[in-house]
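No value in this document is a laboratory result; all are computed from the given coordinates. All of these numbers come straight from a predicted model, not from anything done at the bench. Positions of Cβ are generated from backbone atoms using ideal geometry, with glycine treated the same way; all protein chains shown enter the neighbour counts.
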Amino acid sequence: MSRSAPRLTLAPPRPGARVKVRGIVGESAERPDAVAKVKGEFAYASDLREEGMLAGHTLRSPHAYARIRSIDVTRAERMPGVRAVMTAKDLPTRALFGLMKRDQPVLAADVVRYVGEPVALVAADDMDQAKAAARAIAVEYEPLRPVTDPVAALQKGAPKLHPQGNVIESVRVAYGDLGASAEVVVSGEYEVGMQDQAALGPEAGLAIPRVDGGVTLHIATQWLHEDLSQIAPCLGLPEEKVRLVLSGVGGAFGAREDLSLQIHCCLLALRTKRPVRMAYGREESFYGHVHRHPARMWYEHGATASGRLVYVRATLVLDGGAYASSSGAVIANAACFAAGPYRVPNALIEGVVAYTNGPPNGAMRGFGAVQSCFAYEAQMDRLAAACGIGPVAIRVLNGLREGDPIITGQAMEGSAPVAEIVRRCAELPASSPEIPSDPLLLPGGTGNLTHGEGVARATGYAAGMKNVCYSHGFDDFATARVRLERDETGAIARVHTASAEVGQGVVTVMLQVARTELGIERVQLETPDTTVGSAGSSSASRQTWMSGGAVQAACREVLAELRERAMSAGRTVPEDPRELLADPSWAGLLDEPLERTATYRHRDTDPRDKEAGQSNGHVAFLFAAHRATVDVDLDTGLVRVVQVATAQDVGRAINPLAVVGQIEGGIAQGLGLAVMEEIQLKDGQVRNASFTDYLLPTILDMPPVVADVVEHPHPDAPYGAKGVGEPPTISSTPAIVAAIRAATGKPLNRVPVRPDDIVFGTEARSGWKIVPGQDPAKAVRA
Amino acid sequence: MTTRTIELHLNGERRSAEVATHESLLTALRERFGLAGSKNACEQGECGSCSVIMDGELVCSCLVLAAAADGKQVRTVEGLSANGEMHPVQRAYVEAGAVQCGFCTPGLIVATEALLRANPEPSEAEVREALAGNICRCTGYGRILEAVQRAAKGTYR
């Protein structure tokens with residue numbers, strides 16, 4: 001597709017005085033999949049069935065780092081019901097896969113680099129037989145000493161986990177005077193633990209071999225076309241012989257950006273010439289998808305005595321795990337947004353993401369912006385305290401305004417209402433000031449630990465920012481095909497995109513856009529698959545902007561063509577072509593269906609400058625502010641979040657109810673990272689791969705949310721809608737931790753905050769001495 | 001593999017199937033009875049996605065052996081809507097915007113039905129306690145609370 005496709009000027013919807021339909025842009029229209037979902041009829045990937053299908057299963061490495069000496073499958077192949085056993089030597093090609101760097105083998109051949117790395121595959125008549133056969137595969141390993149500390153992995157002499165070394169990507173942002181000094185200086189070391197996306201629907205797919213030697217894969221994913229481009233080479237097939245169809249997706253949050261079982265499932269189907277379904281259980285899901293990068297961050301902030309920021313210096317080290325995934329883009333985000341939504345005249349940021357023998361890490365909601373926000377917001381509070389001003393005042397004082405540059409030199413254009421959202425957040429109604437006496441409403445809940453004695457209540461603030469859409473010169477586009485036809489009831493539009501509905505509601509957005517543009521209510525969405533052009537990923541908060549833009553563009557092309565047809569009819573043609581669809585006397589225009597495919601692109605972004613990180617790398621920015629109120633039991637270290645208030649800049653709310661749903665759901669994940677969620681590792685081994693041991697917020701943990709949806713339409717975005725998914729997860733975590741700090745007076749420099757950190761004031765220490773802004777490859781042991 | 005035949009009163013019909021003696025009621029519902037509405041999200045009774053009503057009790061079908069359900073009355077999410085019409089709880093979830101990815105939704109709907117049948121006018125605290133065994137990863141529960149209150153006002157009062 002050519003990059004010179006005209007960029008459409010997308011104005012807000014035209015006033016349709018004579019065309020009135022329900023469910024258009026700006027209304028809380030009902031989700032088209034809601035009824036099937038509440039009735040239990042919606043087919044998720046794990047629900048799919050096909051006549052004669054086999055069950056596929058994966059044998060995984062029990063070692064974090066080991067050489068494979070031998071694999072013996074003879075016993076497994078003779079087990080009852082077994083139809084195929086595959087190891088690396090059975091693969092059709094040696095092609096590697098990976099989201100942004102192709103560095104992962106489909107099956108490990110001579111070395112395993114993390115616990116859970118796939119080593120062999122089995123297809124059998126049922127899942128019990130497949131699992132029994134996998135257990136019967138004899139793999140002889142020679143264990144090696146795993147590298148589990150990302151800072152250690154960067155030091156000279158560390159074992160090289162990949163041929164090119166252990167640096168996946170390093171990012172340097174240098175802005176203004178690198179040696180600037182200031183009257184007030186605060187510094188600290190911060191840590192973010194490994195969070196799991198924990199989508200409720202485990203990974204699953206159904207591969208069906210085709211008579212032409214190809215395969216059709218029904219899959220729960222975030223980006224069908226990216227999957228296709230990784231899968232086909234690993235099957236040794238041209239892309240035309242592989243078709244992907246989106247199944248129902250049970251949540252994603254970044255975990256489905258990377259491949260899990262896609263290639264494996266297709267390989268087994270092609271080998272057995274039978275349909276194969278693979279479906280992970282919860283434990284395997286923890287091993288089978290990437291997680292949020294754990295981070296170590298060293299920060300120094302300098303300000304004037306009145307609290308105006310003078311400089312930020314930071315070193316960020318992310319643990320990439322065994323394979324690269326999207327690590328390069330995650331560290332770029334963490335570094336670009338390392339100073340937060342504030343005016344900072346001078347900055348030096350060194351960010352590195354390293355290979356280790358931990359589980360591979362990749363995309364999760366917030367994508368790098370979450371990690372640095374936790375650190376810079378803690379720093380902002382320390383600065384405020386040192387300057388004797390409040391947390392709201394320091395954020396309002398330094399908040400970005402339109403035209404201000406961030407530390408990459410890019411000026412804020414379109415909308416950047418940081419001071420406004422902080423102020424509006426602070427003004428939202430507070431919870432009742434009284435600490436309750438009912439234990440059910442206090443920390444510890446049904447544990448009946450207190451009736452209010454020893455409980456402290458406090459409030460904290462945070463603000464955050466992130467890019468929307470893809471950045472740094474990536475050719476970011478979305479495709480939509482719109483077909484207009486007429487049946488006995490009237491005009492109907494069929495909208496076909498490859499946009500992945502993962503729960504966020506892009507299906508509703510696309511319906512609303514089509515209804516608004518075409519002025520008809522009957523719009524049907526076709527099943528997303530790879531027979532239409534790419535929609536890009538359901539990530540980076542981008543589908544409302546991108547697939548919304550593509551559907552809008554296709555609808556406008558369809559209407560333009562409809563008007564052309566009308567012009568040749570020799571009658572007076574109405575100004576608004578949508579009237580042609582509403583007026584039965586024009587019905588003949590659709591005797592032949594009318595179809596157009598449009599590709600939408602946002603404006604170009606500049607590539608990342610490798611020297612100093614200076615570039616107009618992003619298309620637009622999202623902002624949110626959060627205020628959290630917590631009750632903390634000082635004796636037990638347990639926390640109950642009492643209320644979260646938020647003001648979030650969304651550009652424009654296409655569907656207000658869905659926007660609120662995204663805000664509340666994102667805050668729940670931010671709360672999880674603040675006080676409970678962490679994948680715990682020992683020597684690279686996941687110790688809590690279950691929902692019994694990995695704690696997720698329940699309805700008892702989640703407080704009421706007061707949300708102020710701030711609408712400053714972005715001039716470049718379709719309808720001005722910027723996107724909404726990620727900001728709720730970015731600054732809710734530091735706001736909650738700020739509140740706990742205020743209640744306890746403890747430093748709390750890592751998340752999730754543990755009871756011990758509160759009761760004993762334990763601080764996380766990496767064991768490395770790093771001056772903020774220093775290259776972490778030159779760290780010394782503390 | 002040892003198997004046995006079980007007979008259930010499933011959503012008002014007598015149904016029988018051959019099940020493995022070690023398999024859960026959830027597996028039997030999904031794989032033997034063709035009722036995939038009950039979901040397999042944690043397989044440990046932590047998330048409630050597989051909730052069904054067995055002899056009037058709300059249970060996690062992943063924690064019940066299929067063999068132990070022999071002869072019992074079992075009601076799943078598919079048994080709530082009658083003649084294709086949504087149950088009032090289902091309608092409330094749709095209207096309140098309580099559905100996103102929807103994987104937790106069938107379990108929550110069954111749990112809500114069980115709650116409102118026992119307690120037609122629950123307080124917010126009672127709703128939170130009753131639904132504490134159902135994890136939702138998308139919504140943050142705000143719209144779910146709203147849906148339960150809507151359903152309670154609309155129907156059970």
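Here are the numbers for the structure shown:
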item	result
Reach of A:K682 by Cα under 22 Å, taken over lysines that are not fewer than 8 positions away in the same chain	A:K160
Peptides A:507-513, A:189-195, B:79-85 ordered by average Cβ neighbours within 10 Å, highest first	A:507-513, A:189-195, B:79-85
Shielding by partners, peptide A:127-135 (average Cβ within 10 angstrom, other chains)	1
Gyration tensor (alpha-carbon) shape descriptor, region A:379-526, a/c threshold 1.5	oblate
Estimated D of region B:3-79 in µm² per second, where Rh is the Kirkwood radius over Cα pairs and Stokes-Einstein applies at 25 °C, 0.890 mPa s	207
Net charge contributed by nearby residues that have their C-beta within less than 11 Å of B:T27 (K/R +1, D/E -1)	-3
Axial C-alpha extent at least 20 Å, average Kyte-Doolittle at least -1.0 - helices from chain A (DSSP)	A:369-387, A:543-567, A:656-675
Helix-only mean residue ellipticity at 222 nm for chain B, each DSSP H run of n ≥ 4 adding -39500 (n - 2.57), per residue, nearest 500	-7500 deg cm²/dmol
Volume of the Cα convex hull of region B:88-156, divided per residue and given in Å³	69
Quarter of Cα convex hull surface for chain A, i.e. mean projection, nm²	34.3
Residues with amide H under 5 Å from that of A:A66, placed H, sequence gap 5 or more	A:V112, A:L144
From phi via Karplus (6.51, -1.76, 1.60), per-residue ³J(HN,Hα) for region A:66-74 in Hz, x at Gly/Pro	6, 7, 8, 7, 7, 10, 10, 10, 4
Cα-only Debye scattering, region A:257-395: base-10 log of I(q)/I(0) at q = 0.11, 0.12, 0.16, 0.18 Å⁻¹	-0.53, -0.59, -0.83, -0.96
In sequence order, calculated HN-Hα J values of region B:12-23 (Karplus, 6.51, -1.76, 1.60; Hz; x Gly/Pro)	x, 10, 7, 10, 10, 7, 8, 10, 6, 5, 8, 8
Approximate shape of region A:558-678 as ellipsoid semi-axes (Cα gyration tensor, √5λ), whole Å, largest first	52, 24, 12
Nearest-20 debye value, chain A charge dipole, Cβ charges on Lys, Arg, Asp, Glu	1120
Peptide-level mean, for A:25-38, of C-beta atoms on other protein chains within 10 Å	5
Solvent-free Debye scattering, log10 I(q)/I(0), computed from the Cα coordinates of region A:480-543 at q = 0.15, 0.18, 0.30 Å⁻¹	-0.47, -0.65, -1.35
For A:F623, distant residues with modelled amide H under 5 Å away	A:D649
Region A:477-601: Cα Rg divided by the 2.2 N^0.38 Å rule of thumb	1.06
Per-residue mean of C-beta atoms belonging to partner chains within 10 Å, peptide A:247-256	3
Per-peptide average of other Cβ atoms within 10 Å, ordering A:654-660, A:248-254 highest first	A:248-254, A:654-660
Low-density loop positions, GluC sites (Glu not before Pro), region B:97-130 - DSSP coil, at most 10 other Cβ in 10 Å	none
Counted charge near B:P106, where neighbours are those whose Cβ lies closer than 10 Å (Asp, Glu -1; Lys, Arg +1)	+1
Calculated log₁₀ intensity ratio I(q)/I(0) where the Debye formula runs over C-alpha points of region A:335-376, q = 0.25 Å⁻¹	-1.00
Whole-Hz couplings from phi, Karplus 6.51/-1.76/1.60, listed for region A:640-650; x for Gly and Pro	10, 7, 8, 7, 10, 10, 8, 10, 10, 8, 10
Within straight-line cross-link reach of A:K778, lysines at Cα separation under 16 Å, skipping those fewer than 8 residues along the same chain	A:K156, A:K769
Protection-proxy order for peptides A:371-382, A:271-282, each taking the mean of Cβ atoms within 10 Å per residue, highest first	A:371-382, A:271-282
Size of electric dipole in region A:444-603: Cβ of Lys, Arg +1 and of Asp, Glu -1, about Cα centre, debye, nearest 20	560
Overall form of region A:85-212 per C-alpha gyration tensor (a/c, 1.5; a/b vs b/c)	prolate
Charge sum, other residues only, whose C-beta stays under 14 Å from A:L259's C-beta, Lys/Arg counted +1 and Asp/Glu -1	-4
Region A:718-782: trypsin sites (Lys or Arg not before Pro) in DSSP loop, at most 16 other beta carbons within 10 Å	A:R765
MRE, 222 nm, helices only [DSSP H, n ≥ 4, -39500 (n - 2.57), over chain A, to nearest 500]	-7000 deg cm²/dmol
